[in-house]
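**Q** One structure is given below, represented as structure tokens, and several questions about it will come after.
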Amino acid sequence: MNNWVLGTDTSHWSGKIDFAKMYAAGARFWITKATDANRTTGYQFEDSRFDEFCKDAFAFGKLLTGCYHWLQYSVDPKVAADFYLERYQRFDFEFPPILDFEEPSVSNFSDYAWRAQVWCQRVEDVTGRKPMIYTAKWFTSRFSTAQLSWMQAYPLWVADYSWWANNVTKAPYYLPTNIWDGWQMWQFQANGRGNEFGVEAKSIDLNYYQGDYVQLLDWLQVHEQPPDPLTLEQRVERLEEAVFG
């Protein structure tokens, strides 16, 4: 667990974000909410701080970035996917697209699972990247295995806050094991550490990527570029600083 990469996820509920403080606290990736819809009317909306957060995070430039869509059953899933893609393609995110699969008011489980499948396929067709699915056992247990078996093809971001069990296992304890054999990321805490990680809100979601930083870069297919060579003036300036202080 010591080599797992720590990260955060946010939404407008997080308030103002100090990304330098977040990075100093140990976070190496950051994911934020991009899109959602009213579950009754189907009115789609962008998270109210999405654009602001992303501009600040990209200006800071030290965190790997991503964004997610909260799936609702009131919107055509292809329409919802395209609405999300407009935001996802606005910035150069390192993480693949992400679907938040956890709407607690769902009653037609077959329909909701179908909407998730259509959304994922649409996003994959457009971006060429398999979306990651965020969910938890408490939610997937409402569905039959047959309804969700297609999700095996997508990486899992699992939410598990089982304090007593996690403290023993040092890993997520409650997994949707009838669907996935393993997990890519684990959301494990959102308890009073907001200030530590630079957000205005009292709490912040913390996550681990199961692997070290090099493995994370490899999974994201990110290749760090070598720094630009110093100009002659910069080399002279550094030499003077070294000699004269």
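**Q** Let me understand region 100-152 better: what is its radius of gyration from the alpha carbons, and its Dmax, in angstrom?
**A** Cα only, region 100-152: 11.1, 32 Å (Rg, Dmax).
**Q** If r is the Cβ-Cβ distance from Asp111 to Thr145 and R0 is 22 Å, what FRET efficiency results, to the nearest 0.05?
**A** After rounding, the FRET efficiency stands at 0.85.
**Q** Also, quick follow-up: At a Förster distance of 45 Å, what's the computed FRET efficiency of Asp82 paired with Thr169, Cβ-Cβ distance as r, to 0.05?
**A** About 0.65, to the nearest 0.05.
**Q** In addition: Equivalent-ellipsoid semi-axes (√(5λ), Cα gyration tensor) for region 1-133, whole Å, largest first?
**A** Taking √(5λ) for each eigenvalue gives 27, 15, 14 Å, largest first.
**Q** Moving on to the next point. Round to the nearest 10 and give me the degree value, 0 to 90, for the angle of helix 232-244's Cα axis relative to the longest principal axis of the chain.
**A** Helix 232-244 sits roughly 70 degrees off the main axis of the chain.
**Q** If I model a spin label at Asp212 and Phe60 as a point 7 Å from the Cα along the Cα→Cβ vector, what separation in nanometres do I get?
**A** It is 2.5 nm.
**Q** Using modelled amide H (1.01 Å from N, peptide plane; none on Pro or chain starts), what sits under 5 Å from the amide H of Ala190, excluding residues fewer than 5 places away?
**A** For Ala190, the qualifying residues are Leu206.
**Q** A further question follows. Given the pairs Lys16/Lys130; Lys16/Lys202; Lys16/Lys55; Lys33/Lys170; Lys137/Lys170; Lys33/Lys137, which are separated by over 23 angstrom at their Cα positions?
**A** Checking Cα-Cα distances, Lys16/Lys130; Lys33/Lys170 exceed 23 Å.
**Q** Kindly provide the trypsin sites (Lys or Arg not before Pro) of region 129-213 that DSSP labels as loop, not H, G, I, E or B, and whose Cβ sees at most 16 other Cβ atoms within 10 Å.
**A** Qualifying residues, ordered by number: Arg129, Arg142, Lys170, Arg193, Lys202.
**Q** Right, next: Quick check: at a probe of 1.4 Å, how many percent of the accessible area of region 9-84 sits on carbon and sulfur atoms?
**A** Using a 1.4 Å probe with all protein chains present, region 9-84 comes out at 51 percent carbon and sulfur.
**Q** At a 10 angstrom cut-off on C-beta neighbours, averaged per residue, how do the peptides 65-74, 31-40 rank from highest to lowest?
**A** Descending packing order for the listed peptides: 65-74, 31-40.
**Q** So for the pair Glu52, Asn191, with labels modelled 7 Å out along Cα→Cβ, what separation do we get in nm?
**A** 3.0 nm
**Q** Less than 15 Å Cβ to Cβ from Glu52, Lys/Arg counted +1 and Asp/Glu -1: what total charge do the surrounding residues give?
**A** Residues near Glu52 contribute 0 overall.
**Q** Please compute P(r) over all alpha-carbon pairs of the chain, binned at 5 Å starting from zero, and give each bin as a whole-number percent.
**A** Final binned percentages: 1, 6, 13, 16, 18, 16, 12, 7, 3, 2, 2, 2, 1, 0, 0.
**Q** Next question. Please list, by residue number, everything in region 72-90 whose backbone N is under 13 Å from a paramagnetic label point 7 Å out along Cα→Cβ of Arg39.
**A** Only 72-75 fall inside the zone, counting backbone N under 13 Å.
**Q** Only four residue types carry charge here, +1 at the Cβ of Lys and Arg and -1 at the Cβ of Asp and Glu. Report the dipole size of the chain about the Cα centre in Debye, rounded to the nearest 20.
**A** Dipole size: approximately 660 debye.
**Q** State in Å² the accessible area per residue of region 121-173; use a 1.4 Å probe, count heavy atoms of protein chains only, and round to the nearest integer.
**A** Heavy-atom accessible area per residue stands at 48 Å².
The values are calculated or read from the model by the stated rules, or taken from the named source; none is laboratory data. This one's a predicted model, so the numbers in the text were calculated from it and none came from an experiment. With ideal geometry, Cβ positions are generated from the backbone for all residues, glycine too; neighbour counts draw on all protein chains shown. Areas reflect the complete protein model, heavy atoms only, side chains present, ligands, DNA and RNA absent. Shrake-Rupley method; radii C 1.70, N 1.55, O 1.52, S 1.80 Å.
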